[in-house]
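The block underneath contains the structure these notes are about, expressed in structure tokens.
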Amino acid sequence: MKNFLRNNRGFLVFMLLFGVFRTAIADWNPIPSGSMHPNLLEGDVVFVNRIAYDLKLPLTDRIVVRLDEPRRGDIVTFSSPLDGTRLIKRIVALPGDTVEMRAKRLIVNGRQADYDDPAPAREALEHGHTLPALQTTERIGAAAHTIQWQPGVAARDDFGPVVVPPDQFVMLGDNRDNSADSRYIGFVPRALLIGRAERVLVSADILAQWQPRFERFGWKLR
């Protein structure tokens, strides 16, 4: 064992530092589902800034120093409060906000979000099949982003009003009718935030034999 450690100490130190880097500073996250359509696609790999909000002890959820505050509209990765599964969603409500949804439309602190007229789109499925969808821009204060609805798909289109507890957040997927988010898993504590997703590193179309989507390489998220 001593010989193994001595002969491989350079590699072991590298792996230790790499592990610290991935668990405390920066990471990457493959997108496994369509819950963030149309902004994130299956086959995207996103860069995650783990020190965007907090510095944590590596391999733990223990916050050492708070570095910044999460903002409404940020796309974040986090551990599900139900089962620990890593998820990626968008923050739509902050601690202390009163939030509700009526007929798919968000209301935050008594003010309904602004929506553009929905534009028709198609939701791609396997084997060349598609489903009809509607895409619109949702504006909540300074935060503006594209979301998607899928007519005829059953989802929780109404909830609340609820007050977001201290140090917790409401997360929603941009693909509102195909997302297991705070409507199903509840509020997300700050300690479970992993980091802010900032851009697409690389992307491949999983429905087209993993052909690279070069136009998405380095694409900044918003």
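The values are calculated or read from the model by the stated rules, or taken from the named source; none is laboratory data. Being a predicted model, the structure only gives us computed values, none of them experimental. All Cβ positions, even for glycine, are placed from backbone atoms using ideal geometry, and neighbour counts span all protein chains on display.
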Which listed residue is surrounded by fewer than 16 Cβ atoms within 10 Å (Cβ to Cβ), modelled with pLDDT of 95 or more and of a type in the set (A, V, I, L, M), from Val163, Val188: Val163
Selection within region 66-87 - in contact with a helix residue (DSSP H, G or I) (Cβ under 6 Å, 6 or more places away or on another chain), outside any strand (DSSP E or B) and within 19 Å of Asn39 (Cα to Cα): none
Test set (1) of a type outside the set (A, V, I, L, M, F, W, C); (2) surrounded by fewer than 15 Cβ atoms within 10 Å (Cβ to Cβ); (3) in contact with a helix residue (DSSP H, G or I) (Cβ under 6 Å, 6 or more places away or on another chain) - Gln209 fails condition number: (3)
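Residue check: is Glu123 over 17 Å from Arg90 (Cβ atoms), among the acidic types (Asp, Glu) and assigned to a strand (DSSP E or B)?
Numbers: over 17 Å from Arg90 (Cβ atoms): yes; among the acidic types (Asp, Glu): yes; assigned to a strand (DSSP E or B): yes.
Here the answer is yes, as Glu123 does meet what is asked.
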Region 162-195 - residue that is among the aromatic types (Phe, Trp, Tyr) and touching a strand residue (DSSP E or B) at 6+ places or on another chain (Cβ under 7 Å) and, of those, nearest to His145 (Cα to Cα): Phe169
Pairs, first on the phi > 0 side of the Ramachandran plot in region 121-150, second of a type in the set (Lys, Arg), C-beta under 7 Å, six or more apart: Gly141/Arg72
In region 53-65, the residues that are surrounded by 11 or more Cβ atoms within 10 Å (Cβ to Cβ) and either assigned to a strand (DSSP E or B) or at pLDDT 95 or above (or both): Tyr53, Asp54, Leu55, Lys56, Ile63, Val64
Residue within region 23-32 that is part of a helix (DSSP H, G or I) and either at pLDDT below 80 or surrounded by fewer than 16 Cβ atoms within 10 Å (Cβ to Cβ) (or both) present: yes
